[in-house]
Amino acid sequence: MKKPGISSTASIATRRGSSRSQRSVSKPPQIRILFCHYTADPGGGSDRSLFDLVTRLSRDRFAPSMLLHPDDPLVPRYRLADIPVHTEPFVPPRRAADAAKLFRFASSLIPSVWRARRIIVRTGTDVVHVNTLYNIQGGLAAVLAGKPLVWHVREIESGSRVGRIFLACVARWAARAVAISYAVGETLAACGPRRRVVLNGIDPDRFAQLPDPSSIRRELGLEKSNRVVLCVGRIEPWKGQHVLIEAIPAVLRACPGAKFVFVGNPAVNKPDYLPRLEARCVELGIAGRVVFAGVRNDLPALLALAEVVAVPTATAEPFGRVIVEAMLAGRPVVATAAGGPLEIIENEETGRLVPPSDANALAAAIGKLLADPEAAAAMGQRARARALDGFTIDRTVREMAAIFEEVAASRGI
Ligand code: UDP
């Protein structure tokens, strides 16, 4: 999985661990880390990945605290986990599509950065962690406070002007730029040796024993005889739900009992996409075969229901947590062959990869799995073994901890 020219963290962790133990036997002080995070669409992968990381860091060694948007639904869960939470009503730059939104972003920028800087200084923060490329406020606040910055990039951004500016800020300001996949890492080449790849990890225990899906089956109006294809993710064009919709008629010709469950909320800035999907289902005469289930927090039960999981991303998925979650549940995944999925799935071995935006290829790959449940189950088991081997949250936490240690040590902490 390691790509030449981009450091993964394993070797660094080993080196630092041994030199530290030679230097001192007394307990080192805690490293105080302020995690700065907000998104335009809370509840997605970046929120969940951050929560999984922060709540698992060793409290012997690290003292985490959060700087979040006051409306972040995870605020109570961080507090429950005994992690102090500060709030700031950050305005996302991605909403700056029209003049009014641009004005809101621009006029909030300096006050937000200033307040964030004050929190960094007041809390005696040693290291600032900024989650997602677009959190420019957190990055700027860390620089103004003179604190080392670990910038965790979770997007593949290369085209837009705003994206290019933010990537330049990462390259200039970050003590370490962490990418969640090698595909994301490639966009951080300008960071040189400060670039790291720490693959996202998932808690395998959550998917070890799948619950009985009877009640969720009833709730979603499904029959026991339905063969369920599951698609989980924010409903927005780049996630490619439209590609799966176009594939459905061909899948149904091969497997008339199939039903397609879409899970996730519409992205805030793409409210018209879901109605367009629904209208297209009516046009194709497949509305009765499709369930839009909205946002859900019972993924293990949904996976228990599913025979195949589709991840039809229309461009390149930066990572694809849902792929690993399905694999841990022993479900075969059909995903787009671009970005993160290429690093997670070995084609035909631990899942199937299809070209982006190719509804025919997607339909054929799903149909093949539905036609041969035994082969699909065997693929699911191989997928589970691979996910357990390379994509667990413990590994992610270990590698991130090594990066925080490294950055703190460079400042003599
Ligand atoms: N998710 C969920 N319920 C939903 C929609 C998404 O639990 O209704 C979870 C999903 O299981 C995954 C995460 O949100 O853990 C989405 O992460 P992914 O990397 O797949 O996509 P992203 O949101 O980062 O683009």
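The values are calculated or read from the model by the stated rules, or taken from the named source; none is laboratory data. Quick caveat, the model's predicted, so the values are computed rather than measured. Positions of Cβ are backbone-derived with ideal geometry, glycine not excepted, and every protein chain shown enters the neighbour counts.
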Within the stretch 328-342, is there a residue that is part of a helix (DSSP H, G or I), closer than 20 Å to Glu219 by Cβ and within 10 Å of the ligand (Cβ to nearest atom)?
no
What about Thr350, is it closer than 27 Å to Gln209 by Cβ, of a type in the set (Ser, Thr, Tyr) and not in a helix (DSSP H, G or I)?
yes
What are the residues in the stretch 64-82 that are in contact (Cβ under 8 Å) with a residue 12 or more places away in the chain, surrounded by fewer than 19 Cβ atoms within 10 Å (Cβ to Cβ) and more than 18 Å from Gln137 (Cα to Cα), if any?
Pro73, Val75, Arg77, Ala81
Residues of the stretch 192-207 that turn out to be over 17 Å from Tyr182 (Cα atoms) and of a type in the set (D, E, K, R), as a count
3
Per the filter on the stretch 113-161, residues at pLDDT below 95 and either in contact with a helix residue (DSSP H, G or I) (Cβ under 7 Å, 6 or more places away or on another chain) or among the small types (Gly, Ala, Ser) (or both) are Tyr134, Glu157, Ser158, Gly159, Ser160
Looking at the stretch 267-276, which of the residues that are outside any helix (DSSP H, G or I) and not β-branched (Val, Ile, Thr) is surrounded by the fewest Cβ atoms within 10 Å (Cβ to Cβ)?
Asp272
Kindly indicate which of Arg194, Arg227, Arg176, Arg164 is at pLDDT below 95 and away from the ligand (no atom under 16 Å from the Cβ).
Arg164
Given the residues Glu325, Glu307, which is the only one that is away from the ligand (no atom under 11 Å from the Cβ), touching a residue at least 60 places away in the same chain (Cβ under 8 Å) and crowded, with 18+ Cβ neighbours inside 10 Å?
Glu307
Being over 26 Å from the mean Cα position of the chain (by Cα) and in a strand (DSSP E or B) is the filter here, so list the residues in the stretch 95-153 that pass it.
none
Given (1) away from the ligand (no atom under 16 Å from the Cβ); (2) in a helix (DSSP H, G or I), number of the condition Ala383 does not satisfy:
(1)
If you go through the stretch 249-278, how many residues are within 14 Å of the ligand (Cβ to nearest atom) and either of a type in the set (D, E, K, R) or in contact with a strand residue (DSSP E or B) (Cβ under 6 Å, 6 or more places away or on another chain) (or both)?
7
Residue count for the stretch 277-304, restricted to those that are part of a helix (DSSP H, G or I), in contact with an Asp or Glu (Cβ under 9 Å, 6 or more places away or on another chain) and free of Cβ contacts under 8 Å to residues at least 60 places away in the same chain
3
Test set (1) surrounded by fewer than 24 Cβ atoms within 10 Å (Cβ to Cβ); (2) farther than 20 Å from Gly339 by Cα - Gly163 fails condition number:
(2)
Just to be sure before I move on: is Leu277 modelled with pLDDT of 95 or more and more than 21 Å from Trp238 (Cβ to Cβ) in the structure I sent?
no
Which numbered condition Gly264 misses (of (1) surrounded by fewer than 14 Cβ atoms within 10 Å (Cβ to Cβ); (2) under 21 Å from Thr336 (Cα atoms))
(1)
Which members of the stretch 282-304 meet the condition of being of a type in the set (Val, Ile, Thr) and more than 10 Å from the ligand (Cβ to nearest atom)?
Val282, Ile286, Val290, Val291
I'd like the residue in the stretch 310-322 that is more than 7 Å from the ligand (Cβ to nearest atom) and among the β-branched types (Val, Ile, Thr) and, out of all such residues, is farthest from Leu230 (Cα to Cα).
Thr315
Residue pairs meeting the criteria (Cβ under 7 Å; at least 6 apart or on separate chains; first farther than 20 Å from Trp114 by Cβ, in the stretch 142-158; second among the charged types (D, E, K, R) and at pLDDT 95 or above):
Val150/Arg176
For the stretch 360-379, check the following and say yes or no: at least one residue is in a helix (DSSP H, G or I), surrounded by fewer than 17 Cβ atoms within 10 Å (Cβ to Cβ) and within 16 Å of the ligand (Cβ to nearest atom).
no
Is there any pair linking a residue in the stretch 165-187 that is closer than 16 Å to Lys147 by Cα to one that is of a type in the set (Gly, Ala, Ser) and at pLDDT 95 or above, with Cβ under 7 Å and at least six apart or on different chains, and which?
Cys169/Gly139; Val170/Ala177; Ala171/Ala190; Trp173/Gly139
Would it be correct to say that Ala63 is modelled with pLDDT of 95 or more and among the small types (Gly, Ala, Ser)?
yes
Identity of the residue in the stretch 44-63, among the polar types (S, T, N, Q) and within 16 Å of the ligand (Cβ to nearest atom), that ends up surrounded by the most Cβ atoms within 10 Å (Cβ to Cβ):
Ser46
